[in-house]
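The structure appears below as structure tokens.
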């Protein structure tokens, strides 16, 4: 990540609940646990003293892991000056507006199955807990590096509004990365540009800088820390 030495803890994604569940369902006659939130809570409990004494504390996630940063922001906020790297899920204003309108078709059952035990700070709707500026601001988490590329299949809504909203968020944090992924041939894990910190695109240079370089500059508080190329 940088020249500094970090202790690294990886939490595998094995619960299919975006790291936010504490419930179970009967599936094919068997009890299946969706305990992503319980796992996160237990990890935080075990490492509480280490987190409190850390000179620098960084939480990073991509795709479902990025979403988990939003759902568990209430746990993260307890520590001094945490930094978040949020790769490939970010609810800009337009993307959230669209999702709040998903109330028909399969969505009532999806909500019941997946989001039946959301953390209280979600205030009754899962979109309020996805990673986004309003969520982190409400938790007083100030240091965030968003990555949200045009072309990501999970971006929804009016693209002109999306572009503007992403740009505003990156300007707010003075940190982040957002490009037209198809134009720059950044495939990611899903076309176009969904997840770029866990593959070759992490070091791919665009306009002379890579995501890796921007993040390292951001962590050291020097040099260029943003790139927006739509």
| remark: Counting only residues that are assigned to a loop (DSSP other than H, G, I, E, B) and in contact (Cβ under 8 Å) with a residue 60 or more places away in the chain, segment 31-64 contains a total of 2
| If you check 48, 87, 74, 28, which single one turns out to be at pLDDT 95 or above, farther than 23 Å from residue 196 by Cβ and touching a helix residue (DSSP H, G or I) at 6+ places or on another chain (Cβ under 6 Å)? | 74
| query | Assuming residue 84 fulfils every condition listed in (1) more than 16 Å from the chain's Cα centre (by Cα); (2) not in a loop (DSSP other than H, G, I, E, B) apart from one, which condition is it? | reply | (1)
| field | Among the candidates 110, 141, 67, residue that is in a loop (DSSP other than H, G, I, E, B) and either farther than 21 Å from residue 229 by Cβ or at pLDDT below 95 (or both) | value | 141
| remark: Subset of segment 192-230, residues loosely packed, with under 14 Cβ neighbours inside 10 Å and in contact (Cβ under 8 Å) with a residue 40 or more places away in the chain, comes to 220
| request: Just give me the residues in segment 65-97 being touching a residue at least 40 places away in the same chain (Cβ under 8 Å), farther than 17 Å from residue 137 by Cβ and surrounded by fewer than 17 Cβ atoms within 10 Å (Cβ to Cβ), in sequence order. | output: 97
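Taking residue 123, is it on the phi > 0 side of the Ramachandran plot and either in contact with a helix residue (DSSP H, G or I) (Cβ under 8 Å, 6 or more places away or on another chain) or exposed (fewer than 15 other Cβ atoms within 10 Å of the Cβ) (or both)?
In short, yes.
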| note | Residue count, segment 39-64, condition buried (at least 16 other Cβ atoms within 10 Å of the Cβ), more than 10 Å from the chain's Cα centre (by Cα) and over 19 Å from residue 218 (Cβ atoms), comes to 3
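What are the residues in segment 1-30 that are part of a strand (DSSP E or B) and closer than 16 Å to residue 112 by Cα, if any?
23, 24, 25, 26, 27
The values are calculated or read from the model by the stated rules, or taken from the named source; none is laboratory data. Source: prediction; values computed, not measured. Neighbour counts run over all protein chains shown; Cβ positions are idealised from the backbone, glycine included.
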